[in-house]
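Take a look at the structure below.
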Amino acid sequence: MSYISPDGHWLYYVYKPNTEVGQEIYYAYSADGVNWGESKNIGYPLNNSKANEVIACSPDNQTLILRDAY
């Protein structure tokens, strides 16, 4: 599942890089909402050994709503 922030500049998506780790959150930034920069792993503590996912973002882009075990 992927999610684009309310302002259209941040893309969050999940990826399972291998069988040894859970599903991880990645993100990318777009200044114009069309061309996306390089994807980056969001890292710990948002990524842990469980299946992680962003399901929403606050209107001010300051808070991510996550799903799964934290």
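The values are calculated or read from the model by the stated rules, or taken from the named source; none is laboratory data. It should be emphasised that the depicted structure is a prediction, and the values quoted were computed from it without experimental measurement. Note: ideal-geometry Cβ built from the backbone for every residue, glycine included; neighbour counts use all protein chains shown. Protein only, heavy atoms only, side chains kept; ligands, DNA and RNA dropped before computing areas. Shrake-Rupley method; radii C 1.70, N 1.55, O 1.52, S 1.80 Å.
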For the chain, the accessible surface attributable to carbon and sulfur atoms (probe 1.4 angstrom, ligands and nucleic acids excluded) amounts in percent to 53 percent
Note on the chain: C-alpha Rg/Rh, Kirkwood Rh, two decimals, gives 0.97
accessible surface per residue for the chain, probe 1.4 Å, DNA/RNA/ligands not counted, whole Å² -> 65 Å²
Quick tally, 1.4 Å probe accessible area for Ile42, Ile65, sorted with the most first, runs Ile65, Ile42
Taking R0 as 35 Å and r as the Cβ-Cβ distance between Lys50 and Tyr29, the FRET efficiency 1/(1 + (r/R0)^6), rounded to the nearest 0.05, comes to 0.85
